[in-house]
Every structure is written in C-alpha cells, then in structure tokens.
1. Take residue 27 and tell me if it is modelled with pLDDT of 85 or more and within 17 Å of residue 100 (Cβ to Cβ).
2. Looking at 171, 135, can you tell me which residue is open to solvent by 80 Å² or more (accessible area, probe 1.4 Å) and of a type outside the set (A, V, I, L, M, F, W, C)?
3. Criterion first (open to solvent by 50 Å² or more (accessible area, probe 1.4 Å), over 25 Å from residue 141 (Cα atoms), at pLDDT below 90 and not in a loop (DSSP other than H, G, I, E, B)) does residue 40 satisfy it?
4. So is residue 55 modelled with pLDDT of 90 or more and either of a type in the set (Gly, Ala, Ser) or not in a loop (DSSP other than H, G, I, E, B) (or both) or not?
5. Residue 60: touching a residue at least 24 places away in the same chain (Cβ under 8 Å), basic (Lys, Arg) and open to solvent by less than 80 Å² (accessible area, probe 1.4 Å), yes or no?
6. Residue check: is residue 143 touching a residue at least 12 places away in the same chain (Cβ under 8 Å), open to solvent by 40 Å² or more (accessible area, probe 1.4 Å), of a type in the set (Asp, Glu) and under 17 Å from residue 31 (Cβ atoms)?
7. Across the range 129-167, which residue is nearest to residue 1 (Cα to Cα) among those that are touching a helix residue (DSSP H, G or I) at 6+ places or on another chain (Cβ under 9 Å) and of a type in the set (Phe, Trp, Tyr)?
8. Which members of the range 59-82 meet the condition of being over 20 Å from residue 114 (Cβ atoms) and either among the aromatic types (Phe, Trp, Tyr) or in a loop (DSSP other than H, G, I, E, B) (or both)?
Amino acid sequence: GFSYGGRYDENRNITRPGPQNKQIEDVMYDHYEKCRKVPRGGDPIAIPVFVQWEVALSGKLRTVVPKQSLHVLVPPVDVMTAKHAHFTTKQILVTVKEMLLQKGMNPAITPIGLFAHRYHLPRVFDLAQEEGFGRIATPSLDDLPRDQDPDCAYPWLRDFQGFVLANSISRLARIRDKLYCDKFSQK
C-alpha cells in the first residue's frame with residue numbers, strides 16, 4: 001500500500017493519514033478479507049502485507065492482518081529535524097523486494113497487489129516492473145481514491161495540477177537517469 005499525502009497535526013508533524021490514505025487502507029482491507037479466505041473451511045491464508053506507514057495510521061489493517069504478516073514501512077527519522085524522512089516510491093519497492101527475498105520469496109514469480117491513489121498507480125506499476133516484480137495485480141481503478149486533499153501536508157498533492165507537475169518531473173528524472181546516469185554508471 002502506497003501512501004498519497006497525509007495531514008499535519010497541531011505540532012506540524014505529519015501524523016494524520018488524510019482521506020486518500022484512509023481510502024487506500026479500506027480497499028486493502030476489503031481485498032485482504034477476500035483473498036485470505038480458503039474454500040471448504042480451511043484455515044485463513046496469512047498473506048504478507050507491506051504498507052507505507054501513512055496508510056496504516058488508522059489501524060484498520062491491524063484488525064484483519066495477523067501481526068506476523070503486517071509489515072508497516074516506516075522511514076528513518078531525520079536527526080536534524082526529528083521528523084520522518086520521505087520514502088520515495090522506488091525506495092518502498094526496493095525495501096519490499098529485499099524483505100520478500102529475505103523470506104525466500106522470488107519477486108519475479110510471487111504475485112503482488114499494488115494499492116495506491118489512482119493517479120499514482122501507473123507510476124508505482126512501472127517502477128515495480130523495473131524492480132523485477134513479475135506478477136502484479138491491482139484493484140479496479142473505481143475502488144481507488146481519485147480526489148486531491150486541499151489540506152494535504154504535501155503542497156503538490158493538494159490539487160490535480162500540482163500532482164501532474166510533480167509526477168511529470170519525477171517521470172522526466174527517471175528518463176534522464178535511464179538515458180544518462182544509469183548508462184554511465186555501468187562503465
């Protein structure tokens with residue numbers, strides 16, 4: 001589960017999930033409930049769930065996902081600001097890949113579900129493929145949030161134009177890295 005925004009608390013710390021993250025968590029909850037059921041009365045399946053901390057703030061996933069299966073991804077705290085550093089989408093995917101490998105699961109053949117804001121999902125999907133995830137499923141776009149949060153702590157997620165600008169810059173940086181940085185770092 002990939003976060004999309006968050007809100008400040010009274011101390012200007014991002015400790016509130018925001019409406020989009022709550023919706024992402026709701027969709028993950030519903031899908032987990034459906035996927036873990038075993039036909040013919042067997043024990044429920046314990047599916048590993050990797051979720052960015054902003055999505056897990058409300059705790060709803062904790063009510064359905066067993067503790068040993070729920071992996072809340074929290075970035076390190078920046079010692080200069082005493083706030084959480086920002087996890088990039090790629091950093092999250094690399095972290096999940098490493099955790100799957102530690103569990104003996106091959107990301108190329110292990111089915112994964114990606115949950116994100118509908119406008120963020122294409123970028124998440126592309127990056128997941130680049131990281132070697134081979135069997136990717138996503139929920140219906142109709143199930144995912146589409147609105148922006150005018151009270152979001154991240155200004156580029158407060159309206160659609162800000163998102164398009166930030167997302168375009170991220171995509172252009174990826175193209176630059178592929179064309180120039182990656183090519184020359186391999187020499």
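1. No: the conditions fail for residue 27.
2. Only one candidate passes the filter, namely 135.
3. yes
4. For residue 55, the condition - modelled with pLDDT of 90 or more and either of a type in the set (Gly, Ala, Ser) or not in a loop (DSSP other than H, G, I, E, B) (or both) - is not met.
5. Against the criterion (touching a residue at least 24 places away in the same chain (Cβ under 8 Å), basic (Lys, Arg) and open to solvent by less than 80 Å² (accessible area, probe 1.4 Å)), residue 60 qualifies.
6. Considered against the rule, which asks whether it is touching a residue at least 12 places away in the same chain (Cβ under 8 Å), open to solvent by 40 Å² or more (accessible area, probe 1.4 Å), of a type in the set (Asp, Glu) and under 17 Å from residue 31 (Cβ atoms), residue 143 comes out as yes.
7. Top of the filtered list is 133.
8. Once the filter is applied, which keeps residues that are over 20 Å from residue 114 (Cβ atoms) and either among the aromatic types (Phe, Trp, Tyr) or in a loop (DSSP other than H, G, I, E, B) (or both), the range 59-82 yields 59, 66, 76, 79, 80, 81, 82.
The values are calculated or read from the model by the stated rules, or taken from the named source; none is laboratory data. From a predicted model like this one, the values you see are computed outputs, not experimental measurements. Heads up, the Cβs are rebuilt from the backbone with ideal geometry, glycines too, and the neighbour counts pull from every protein chain shown. Each accessible area value is taken on the protein alone, full model and side chains, heavy atoms only, with ligands, DNA and RNA left out. Shrake-Rupley method; radii C 1.70, N 1.55, O 1.52, S 1.80 Å.
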